[in-house]
Amino acid sequence: MTTTGTTTAPEQVEVEAPAEQWKGQNVPRKEDRRLVQGQGVFIDDVKRHGMGYVHYVRSPYAHAHITSIDVSGAEQMKGVYGTLTGEEVASLTDPFFQISSVPGANVKDYALAVGKVRYVGEAIVAVVAETRELARDASELVDVQYEPIDAVTDARDAQGESVPTIHEEAGGNLMWHGVYEWGDLDAAFADADKVVKIDQLHFHRFNSTPLECDGALVEYNRGIGQWTIHTNNQFPGFAAIMMGPAMRTGLDRLRFVTQDIGGGFGNKITSHPQLVACCLLARKLNRPVQWTEWRTDFHMSMSHGNERWFLETEVAVKNDGTLLGFRTKALDDAGAWLRYEPLGGVIWAQVTPGMYRWRNIRVDFTQVATNKAPVSPNRGYSRMQHLWFTERVIDIVAHELALDPVEVRKRNYIRADEMPYETPNGCVYDSGDYARMLDIALELVDYPNAEARRQDAQARGKLLGIGIGSTLDSGTNNFGQSRMINPELQFSGNNEVATVKLDIFGELVVTLGTTPQGQGHETTAAQVVADILNCSPDDVHVRAGHDSYWNSHAGFSGTYASQFAVTGLSAVKGATEMLAAEIKKLAGAVFGGVPEEALELAEGGVRIKGNPEAFLPFMACGAIINANNAGLPEDLGVTLNCRYVYRPPFEVPDVERKFGNLTLTYAAQVHVAVIEIDPETGYYDIVDYAAIDDCGKRINPQIVEGQVMGATAQALGAAVHEAFVYDEDGNLLTPNFYDYHVPHALDMPPLRTGYVESPSPFTPLGTKGMGEGGGAGIHAVCAAVQDALRSNGGAKVWDSSNPYHRVWEMLSDPDEAGARVSVVEA
Amino acid sequence: MEAGTVSSQRQISVTVNGTTYEREVEARKLLIHFLRDDLDLTGSHIGCDTGNCGACSIIVDGTLVKSCMLLAVQADRTQIETVEGLADGEELSKLQQAFSAHHALQCGYCTPGMLMSATALLRKNPHPSDEEIKKGLQGNICRCTGYWNIFEAVKAAAE
């Protein structure tokens, strides 16, 4: 069943109010009370007696040999505790494990630069001192001598002759290459009426810039050889896999602890090099060390989103706009290091056809190194780039064939009655009704009156544009897809853990394996527990944060890639159902052999159905098992402390055919932007905006809507303002919030949100992972700009970044500044 | 001058949320670092190096300031209000309640600064227009919410 609606401000419910079902209610967040009082514990809030502050010396060159490093000046300074150099790192650790097959597999990556620097901002030496200020001063006294090399800053040039090699071990700047082809391209192009050719499209570099930068406080326990790493890393399981082998230590010697994280968006997955440096320093200096990244350091060195080119694209299309297939050459700019890459080279394949029915697709994918900051996951990781490409193709084809973008979409969208739908590469879209979502979105922006609005804008000297962005938020990864990158890898499937226990005084305690960054896991987990145990979310204590000592994590634990509503909550459901069964089993024994079927959970306890007098409160259950258990049957098998591992149903993909189900759920988003451009300057305002989301069953609609809003805001920032721009020498021109403009309150357009609820048939709660659908905003703005230009020079938008000056250029010189497109009769 | 001796110590006295603190501080120490590191008032946060983000917003002698843009010594003999002082015991302020009710926070990192800006705004202008609310929040960056729910929360608290 699918339900729809539109919301601007979801209704609040009182937690005290009796409710049959907590799932689906706007239960106020448990997290809020501490956060609105400044009582959260973020990474820079963690302190230890005698701790030293870490500051990194960073490269001013994009590409240079390091000829010498002298730390003596810094070490002699009063208040300095010590330093760590790349040379020490190379002797104390092994290079990080590489995900890539060759040639990327040959890259030697350490926690600090060894012998060479490869981007501006790369960490070379770490200095530790008594205060932040002294550490910074001392870093100025570290003398590093360089021999500069020419920088590679454009991925298109990276493989050219006489281009400097960034990683000599890899024998060139190619990191990974693979060809993906499904269907019958020759037949598709033979059947086509027209072939639309697009010279190049470019998805730009930006990231979500979480307001809290990275950080850690690391302690070393010399007696047991163990590090405790307080950190805001959002995927400790991945960090551990990277760090343990490099540090030549078992993973249980790396204890990861987090509480509150000030935004992550994927950008806090790859801090493992800095964490290793901190671990080595804590051991070397025999004191806790604290590292809080500066904003400028974050911008220069952390997790830029994948910059991608789509070259020589050809689209096979019928005259009526029916899309038959496409081929393109995707060129991904990985930056200087493969810290999570080249996984971006396969992650996009989760959404290979976008939302469309074309069956014949070829993507020749290449990833190269450049002298820019390393790329890593950023909200919408790799799928956003590919979905932006499919949306650009739709709008350019519609434009060239003089068709209506709405009609082209509706003609080609996968239909609701085709769900579950197997894509050409074996992914299974679980549910959804894209055409209906588009209808709702268009209605919210008053689309039937678009022409009148266009004329009204024209009368005011403005160009009106309306653009659609439709996108997918694939969630719950099958990590087996990594084998398409490197068949040697031994990853597949996915998992997440929860424990639920009933404690001695009747307290219900839930522990999650996740590392939330504002997604309200404590609240939604409590909603799921409350429904099963027939109690209130207020009765459920969900531990804040993550601690690998809790033993409630598995290999893929963390908060990333749109999966908590599936993996995390399914684990919570499983553990709670185990606990419910145990409570009944215990009560059955206490009541003298009453069968489980005769018992029910209600009003904070367990009772015999139809006999409310026979009632055992949870508190009594907890007390009996934990502290008053003499005389219980020997074979009772009840601990009231239940651990459940949720494992989604996946098979290992077929690596040869690059075929298989790569993600379990497919949340969908359709956005529509209405903009008005001032033709004199290229400045534009977003005057109306609708965002429709379908993530299946919504556990807490207000939290879901919050994610939709946040993702939309990030997309609008990226579309209009945000870009990591490098000059030809590899200097980052936007290294902080002065030059990198993120939207503020006055930048936000009026927003209307709506939803469709198509439960996933594949998940225990009908939920789908969500939160990364914001890419739709970038697609919608690009489409709206192109629509406004359609009758004003007709430039086609080719870049995902469209600041005002670029729009002005497209208005002034449509042929030069727009995409190069040609149409040939097939 | 020898490296490491550039900082001179100064004695300052500040009153924060009604409690007076006397401390020796390095002359170059930022007020936000003084609050967080010396007084352990970690509710105010740091999100940038450039005064753009507003996570460190506090009220000094009745005026909203970004505490990364002041030295601690400049706050000598001032009355400071931070997020830790907004609630009256267990009772959250109207704005704090409205932020929760309207889901105006996700990760909560910008929230203390946002609340201080909104508090300063509503004190000065108890019935702001929509535009005035947005202008009042313009100096604070939030990367989670897109501001729409923050706007609604401030509007609700003002009504």
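Look through region B:53-99, keep the residues that are touching a helix residue (DSSP H, G or I) at 6+ places or on another chain (Cβ under 6 Å) and not hydrophobic (A, V, I, L, M, F, W, C), and return whichever of them is farthest from residue B:149 (Cα to Cα).
Across region B:53-99, the extreme among qualifying residues is B:67.
Only one residue in A:422, A:418 is assigned by TED's automatic domain parsing to the domain that holds residue A:185 and either over 27 Å from the mean Cα position of the chain (by Cα) or crowded, with 22+ Cβ neighbours inside 10 Å (or both). Which one? It would help to see each step written out before you state the result.
Values: A:422 fails: either over 27 Å from the mean Cα position of the chain (by Cα) or crowded, with 22+ Cβ neighbours inside 10 Å (or both).
So the residue among A:422, A:418 that is assigned by TED's automatic domain parsing to the domain that holds residue A:185 and either over 27 Å from the mean Cα position of the chain (by Cα) or crowded, with 22+ Cβ neighbours inside 10 Å (or both) is A:418.
Scanning for something more than 29 Å from the chain's Cα centre (by Cα) and either more than 30 Å from residue A:112 (Cα to Cα) or of a type in the set (Val, Ile, Thr) (or both), does region A:333-351 turn up at least one residue?
Start the filter on region A:333-351 by keeping residues that are more than 29 Å from the chain's Cα centre (by Cα), which leaves none.
Scanning region A:333-351, I find no residue that is more than 29 Å from the chain's Cα centre (by Cα) and either more than 30 Å from residue A:112 (Cα to Cα) or of a type in the set (Val, Ile, Thr) (or both), so the answer is no.
Taking the criterion of being over 30 Å from residue A:31 (Cβ atoms) and small (Gly, Ala, Ser), would at least one residue in region B:13-30 satisfy it? I'd like the intermediate steps shown before the answer.
Filtering region B:13-30 down to residues over 30 Å from residue A:31 (Cβ atoms) leaves B:13-15, B:20, B:22-29.
From what is left, the residues that are small (Gly, Ala, Ser) are B:13, B:27.
Yes, region B:13-30 contains at least one residue that is over 30 Å from residue A:31 (Cβ atoms) and small (Gly, Ala, Ser).
Report, ordered by the first and then the second residue, all pairs with beta carbons closer than 7 Å, sequence separation of six or more or different chains, a first member in region A:250-273 that is surrounded by fewer than 22 Cβ atoms within 10 Å (Cβ to Cβ), and a second member that is of a type in the set (S, T, N, Q).
From residues that are surrounded by fewer than 22 Cβ atoms within 10 Å (Cβ to Cβ), the pairs are A:253/A:226; A:255/A:226; A:255/A:228; A:255/A:548; A:257/A:228.
Applying the selection to region A:583-613, what residues are buried (at least 21 other Cβ atoms within 10 Å of the Cβ) and either in a loop (DSSP other than H, G, I, E, B) or touching a residue at least 60 places away in the same chain (Cβ under 8 Å) (or both)?
Hit for region A:583-613 is A:583, nothing else.
Please go through region A:471-513 and give me each residue that is assigned to a loop (DSSP other than H, G, I, E, B), of a type outside the set (A, V, I, L, M) and within 24 Å of residue A:342 (Cα to Cα), ordered by number. Give the derivation first.
Restricting attention to region A:471-513, the residues satisfying the condition of being assigned to a loop (DSSP other than H, G, I, E, B) are A:478, A:486-495, A:503-507, A:513.
Those left that are additionally of a type outside the set (A, V, I, L, M): A:478, A:486-488, A:490-495, A:503, A:505-507, A:513.
Result: A:478, A:486, A:487, A:488, A:490, A:491, A:492, A:493, A:494, A:495.
Checking residue A:58 against (1) basic (Lys, Arg); (2) within 14 Å of another protein chain (Cβ to nearest Cβ); (3) under 30 Å from residue A:484 (Cβ atoms), which single condition isn't satisfied?
Condition not satisfied by residue A:58: (3).
Name the single residue that is surrounded by the fewest Cβ atoms within 10 Å (Cβ to Cβ) among those in region A:569-582 being among the small types (Gly, Ala, Ser) and more than 15 Å from residue A:534 (Cβ to Cβ).
It comes out as A:574.
Yes/no per residue for (1) in a helix (DSSP H, G or I); (2) in contact with a strand residue (DSSP E or B) (Cβ under 8 Å, 6 or more places away or on another chain):
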site: A:735; (1), (2): no, no
site: A:740; (1), (2): no, no
site: A:760; (1), (2): no, yes
site: A:781; (1), (2): yes, yes
site: A:816; (1), (2): yes, no
site: A:819; (1), (2): no, yes
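Looking at region B:99-121, which of its residues are within 20 Å of residue A:520 (Cα to Cα), more than 7 Å from chain A (Cβ to nearest Cβ) and within 16 Å of the chain's Cα centre (by Cα)?
Just the residues of region B:99-121 that are within 20 Å of residue A:520 (Cα to Cα), to begin with: B:99-112, B:114-115.
Next cut, more than 7 Å from chain A (Cβ to nearest Cβ) only: B:102, B:104, B:114.
Once the filter is applied, which keeps residues that are within 20 Å of residue A:520 (Cα to Cα), more than 7 Å from chain A (Cβ to nearest Cβ) and within 16 Å of the chain's Cα centre (by Cα), region B:99-121 yields only B:114.
Can you pull out the residues in region A:402-432 that are part of a loop (DSSP other than H, G, I, E, B), under 25 Å from residue A:319 (Cα atoms) and of a type outside the set (Ser, Thr, Tyr)? Break it down into steps so the answer makes sense when it comes.
Keep residues of region A:402-432 that are part of a loop (DSSP other than H, G, I, E, B), which gives A:402-404, A:414-415, A:419-420, A:423-427, A:430-432.
Adding the requirement that they be under 25 Å from residue A:319 (Cα atoms) leaves A:402-404, A:414-415, A:423-424.
Listed by number, the residues that qualify are A:402, A:403, A:404, A:414, A:415, A:424.
Taking residue B:68, is it in the same structural domain as residue B:30 (by TED's automatic domain parsing), touching a strand residue (DSSP E or B) at 6+ places or on another chain (Cβ under 9 Å) and under 22 Å from residue A:747 (Cα atoms)? Write out each step before concluding.
Numbers: in the same structural domain as residue B:30 (by TED's automatic domain parsing): yes; touching a strand residue (DSSP E or B) at 6+ places or on another chain (Cβ under 9 Å): yes; under 22 Å from residue A:747 (Cα atoms): no.
Taking the combined requirement at face value, the residue does not satisfy it.
Suppose we keep only residues that are assigned to a loop (DSSP other than H, G, I, E, B) and either more than 30 Å from residue A:328 (Cβ to Cβ) or of a type in the set (Phe, Trp, Tyr) (or both) within region A:288-310. Which one would you say is farthest from the other protein chains (Cβ to nearest Cβ)? Walk me through how you get there before you give the answer.
So in region A:288-310, the residues assigned to a loop (DSSP other than H, G, I, E, B) come out as A:288, A:293-294, A:302-303, A:305-306.
With the extra rule that they be either more than 30 Å from residue A:328 (Cβ to Cβ) or of a type in the set (Phe, Trp, Tyr) (or both), the set shrinks to A:288, A:293-294.
Values: A:288: 14, A:293: 10, A:294: 5 Å.
Among residues in region A:288-310 that are assigned to a loop (DSSP other than H, G, I, E, B) and either more than 30 Å from residue A:328 (Cβ to Cβ) or of a type in the set (Phe, Trp, Tyr) (or both), the one farthest from the other protein chains (Cβ to nearest Cβ) is A:288.
Any idea which residue in region A:110-154 is farthest from the other protein chains (Cβ to nearest Cβ), counting only those that are crowded, with 21+ Cβ neighbours inside 10 Å and of a type in the set (Asp, Glu)?
Among them, the one singled out is A:122.
Can you confirm whether residue A:634 is surrounded by fewer than 22 Cβ atoms within 10 Å (Cβ to Cβ), assigned to a loop (DSSP other than H, G, I, E, B) and in the same structural domain as residue A:711 (by TED's automatic domain parsing)? Lay out the reasoning, then the answer.
Values: surrounded by fewer than 22 Cβ atoms within 10 Å (Cβ to Cβ): yes; assigned to a loop (DSSP other than H, G, I, E, B): yes; in the same structural domain as residue A:711 (by TED's automatic domain parsing): no.
Criteria not met by residue A:634.
Might you let me know whether region A:667-674 holds any residue that is of a type outside the set (A, V, I, L, M, F, W, C) and not assigned by TED's automatic domain parsing to the domain that holds residue A:568? Quick ask: steps written out before the conclusion?
Of region A:667-674, the ones of a type outside the set (A, V, I, L, M, F, W, C) are A:669, A:671.
Now drop any that are not not assigned by TED's automatic domain parsing to the domain that holds residue A:568, which leaves A:669, A:671.
Looking for residues that are of a type outside the set (A, V, I, L, M, F, W, C) and not assigned by TED's automatic domain parsing to the domain that holds residue A:568, one finds at least one in region A:667-674, hence yes.
Only residues that are without any contact (Cβ under 8 Å) to a residue 24 or more places away in the chain and among the small types (Gly, Ala, Ser): list them for region B:64-119, please.
B:87, B:89, B:100, B:108
Conditions first: (1) touching a residue at least 60 places away in the same chain (Cβ under 8 Å); (2) touching a Leu at 6+ places or on another chain (Cβ under 8 Å); (3) at the interface with chain A (Cβ under 7 Å from one of its Cβ atoms). Residue B:134 passes all but one, so which condition is the exception?
Every condition holds for residue B:134 apart from (1).
Would you say residue A:749 is of a type outside the set (Val, Ile, Thr), away from chain B (no Cβ under 14 Å) and part of a loop (DSSP other than H, G, I, E, B)? So that I can check it myself, show each step before the final result.
Working: of a type outside the set (Val, Ile, Thr): yes; away from chain B (no Cβ under 14 Å): no; part of a loop (DSSP other than H, G, I, E, B): yes.
So residue A:749 fails the test.
Among the residues of region A:710-734, write down those that are within 14 Å of another protein chain (Cβ to nearest Cβ) and surrounded by fewer than 23 Cβ atoms within 10 Å (Cβ to Cβ).
A:721, A:734
For residue B:150, state whether it is part of a helix (DSSP H, G or I), of a type in the set (A, V, I, L, M, F, W, C) and over 23 Å from residue A:213 (Cα atoms).
For residue B:150, the condition - part of a helix (DSSP H, G or I), of a type in the set (A, V, I, L, M, F, W, C) and over 23 Å from residue A:213 (Cα atoms) - is not met.
The values are calculated or read from the model by the stated rules, or taken from the named source; none is laboratory data. Everything quoted here is computed from the prediction, not taken from an experiment. In this analysis, Cβ positions are derived from the backbone assuming ideal geometry, glycine residues included, and neighbour counts consider all displayed protein chains.
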